[in-house]
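The values are calculated or read from the model by the stated rules, or taken from the named source; none is laboratory data. Here the structure is a predicted model, which is why all the values come from computation and not from measurement. Neighbour counts are summed over all protein chains in view; Cβ atoms, including those assigned to glycine, are modelled from backbone coordinates with ideal geometry. Heavy atoms of the whole protein, side chains included, go into the accessibility calculation; ligands, DNA and RNA do not. Shrake-Rupley method; radii C 1.70, N 1.55, O 1.52, S 1.80 Å.
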Amino acid sequence: MPPNTTPIGIALIGCGRVCDAHLDAVQRSPAFGRVEAVIDLDLSRARAAAERFNIPRVFTSLDEALALDEVDAVDVCLPNDLHEGPTVAALNAGRHVLVEKPMTDDAASAMRMGEAAESNNRILVVAQSQRHTKAVQYIQDNLESFGKLRSLHVSYCIRWDGPQTPWWAERTREQGLVLSLIAPHSMDFVQLVMGEEHPIRIHAESVRHQTGWKGDDEAMIVLTYPDERLVFVHLTYNQQPHYDRKVLLFDDCVVQVDDDLEVRVNNELVLSPDRGERAEMARPALQFVWQFEEFVKAVHGQPSRSVFHHDGIRLIQVIDTIKQAALSGKSVDFKSALNPNDT
């Protein structure tokens, strides 16, 4: 249901690969918001996005958009390492922010973004689109009923034949490719299941199979959580056909999620989309629509399933530690990695 307030005005910055999914989501939710402007240093790219979605204003700087009273929030769709600057600027200007995942490239940057949100009393949400699928929400809503969790297996395996946008090619192994671009999806699900608990220990191995980029394109991660619960995560850009499965092992129950569409409990299908919804999810479209609507609810102070900045910071802290483990080839104590001066 739409919020009981007027729609909010959005300025989107970064008219690259992911922007169409965000612009389409707003356009399909007129009761929640409208796009007032798009921003990109490449004016021709911004104009092309504006033409595709009938957006009234095109700018090359965020400051121009922030000067508009009609802009209530900024949607940041830039490369990972450029998230912090416009996010902090928008928050300091009194705007709310939806920032594409991952929140940023490192935990220190994420914390500065979170501090800006808190000091300005603004909403900062991380765009974790897979969090908003009905299958993942089914797990969230029924988690306590499944019993005691023993372990969790997550596989997110797709095929990309080289960079999907030019900046992917320049990602170093230290910055991470799969460990920064698709690990946030899988690790957000892990964090959803594990709640407020942090991992105790992390081990990771990462490799590169394709020569079209510098960073890792396949990784396996093992995390140990309190009560000796184990989590295994497999990520790759080298798998065809696509393989996306989450398996939760409880004492007396096995729950399986396939493609964030279907849920099976002890091999019995309990959730499956109808044909129309399945086609919409394949775009992907619906999860971006739901993500935007949840963001607007958060802006209006209503209950929301959004991933807020404090969870975004926690996630980047875990991913930083995963990258450290992959580079070192050794298991890393999470608490020690988080507070190196305490050791």
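Rundown of residues vs (1) more than 19 Å from Pro303 (Cα to Cα); (2) touching an Asp or Glu at 6+ places or on another chain (Cβ under 7 Å); (3) of a type in the set (S, T, N, Q), yes/no style:
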{"position": "Val38", "(1), (2), (3)": "yes, no, no"}
{"position": "Arg95", "(1), (2), (3)": "yes, yes, no"}
{"position": "Ala110", "(1), (2), (3)": "yes, no, no"}
{"position": "Glu115", "(1), (2), (3)": "yes, no, no"}
{"position": "Gln130", "(1), (2), (3)": "no, yes, yes"}
Exercise for review: Search region 312-339 for residues that are without any contact (Cβ under 8 Å) to a residue 12 or more places away in the chain and pair each with any residue that is acidic (Asp, Glu) and buried (at least 16 other Cβ atoms within 10 Å of the Cβ) when their beta-carbon atoms are under 7 Å apart and the residues are at least 6 apart or on different chains.
Suggested key: none
Study note, to complete from the structure: Within region 161-211, the residues that are under 20 Å from the mean Cα position of the chain (by Cα), small (Gly, Ala, Ser) and not in a helix (DSSP H, G or I) are Gly176, Gly195
**Study point:** Out of Leu143, Leu62, sole residue that is under 30 Å from Leu269 (Cβ atoms) and of a type in the set (A, V, I, L, M)
**Key:** Leu143
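Take residues that are β-branched (Val, Ile, Thr) and either surrounded by 19 or more Cβ atoms within 10 Å (Cβ to Cβ) or in contact (Cβ under 8 Å) with a residue 12 or more places away in the chain (or both) and tell me which of the strands (runs of 3 or more DSSP E) falling wholly in region 223-298 contain 3 or more.
In region 223-298, the matching strands (runs of 3 or more DSSP E) lie at 229-236, 253-258.
Per-residue answers, yes or no, for (1) within 22 Å of Arg17 (Cα to Cα); (2) crowded, with 23+ Cβ neighbours inside 10 Å:
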| position | (1), (2) |
| --- | --- |
| Arg47 | yes, no |
| Pro79 | yes, no |
| Ser109 | no, no |
| Val125 | yes, yes |
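For region 113-138, how many residues are in a helix (DSSP H, G or I) and out of contact with any helix residue (DSSP H, G or I) (no Cβ under 7 Å at 6 or more places or on another chain)?
Matching residues across region 113-138 total 7.
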Point to revise | Cross-chain or 6+ apart pairs with Cβ under 6 Å, region 180-207 first and of a type in the set (Ser, Thr, Tyr), then open to solvent by 20 Å² or more (accessible area, probe 1.4 Å) | key: Ser186/Tyr156
Revision key, fill the gap. Taking region 81-94 and keeping only residues that are open to solvent by 30 Å² or more (accessible area, probe 1.4 Å), without any contact (Cβ under 8 Å) to a residue 40 or more places away in the chain and within 22 Å of the chain's Cα centre (by Cα), one is left with Glu84, Gly85, Val88, Ala89
Exercise for review: Those residues that are touching a strand residue (DSSP E or B) at 6+ places or on another chain (Cβ under 9 Å) and aromatic (Phe, Trp, Tyr), I need them from region 278-295; list them, please.
Suggested key: Phe288, Phe292, Phe295
Check your understanding: Quick check, is Asp311 part of a helix (DSSP H, G or I), over 13 Å from the mean Cα position of the chain (by Cα), at pLDDT 95 or above and closer than 27 Å to Gln137 by Cα?
Key -> no
Check your understanding: Of everything in region 95-107 that's among the acidic types (Asp, Glu) and assigned to a loop (DSSP other than H, G, I, E, B), which residue is surrounded by the fewest Cβ atoms within 10 Å (Cβ to Cβ)?
Key -> Asp106
